[in-house]
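Quick notes on the structure that follows.
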Amino acid sequence: QVQLVESGGGLVQAGDSLRLSCAASGRAFRNYAMGWFRRPPGKEREFVAAISWRGSEKEYADSVKGRFAISRDNAKNTVYLEMNILKPEDTAVYYCATDPSLLQVIRGRPGHWGQGTQVTVSS
């Protein structure tokens, strides 16, 4: 059983930075792709970023390219999402997810999800 616990959310102002963390436990974290998704208020959940288990492949949604960066530390079983130049439209509940397949993560069909952490960006 895989367990994912997100942290680092909060209330920030537009232009600020924030780093989210997701700690994984259970199955072999090192062999799993990881991803971040978000659900803005009143909208569907959407893909944000994904990273392969080696960290060599990364994918981003167009809306966050150049502002967000995904990374992972396999020794700590943790994946991060560095968010810069935050905008009010980045306000959402952010979810961590994992799957053995990077493609499944990118397609929004990972096998495991975290509970989410709220990020609110004020204008």
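The values are calculated or read from the model by the stated rules, or taken from the named source; none is laboratory data. Everything quoted here is computed from the prediction, not taken from an experiment. Methodologically, a virtual Cβ is constructed for each residue, glycine included, from the backbone with ideal geometry; neighbour enumeration extends over all protein chains shown. What goes into the accessible areas is simple: the full protein's heavy atoms, side chains included, and nothing from ligands, DNA or RNA. Shrake-Rupley method; radii C 1.70, N 1.55, O 1.52, S 1.80 Å.
A few remarks follow.
- Sorting 90, 16 by accessible area puts them as 16, 90; the probe is 1.4 Å, largest comes first, and only protein heavy atoms count.
- Size estimate for the chain follows the Kirkwood approach: the inverse of mean 1/r over distinct Cα pairs works out to 14.0 Å.
- Based on protein heavy atoms only, the range 10-104 ends up with 50 Å² per residue of surface accessible to a 1.4 Å probe.
- Cα→Cβ-extended label distance, 7 Å offset, between residue 39 and residue 65, nm: 2.8 nm
- Charge dipole (Cα centre; +1 on Lys/Arg Cβ, -1 on Asp/Glu Cβ; no other charges) of the range 38-97 amounts to roughly 100 debye.
- Accessible area of the chain belonging to carbon and sulfur atoms, whole % at 1.4 Å probe: 44 percent
- Local net charge near residue 24, Cβ-Cβ under 11 Å (Lys/Arg +1, Asp/Glu -1): +2
- Computed E for residue 87/residue 7 - FRET, C-beta separation, R0 22 angstrom, nearest 0.05: 0.50
- Radius 11 Å from Cβ of residue 74, net charge of other residues (Lys, Arg +1; Asp, Glu -1): +3
- Cβ charges +1 (Lys, Arg) and -1 (Asp, Glu), total dipole of the chain, debye: 260 debye
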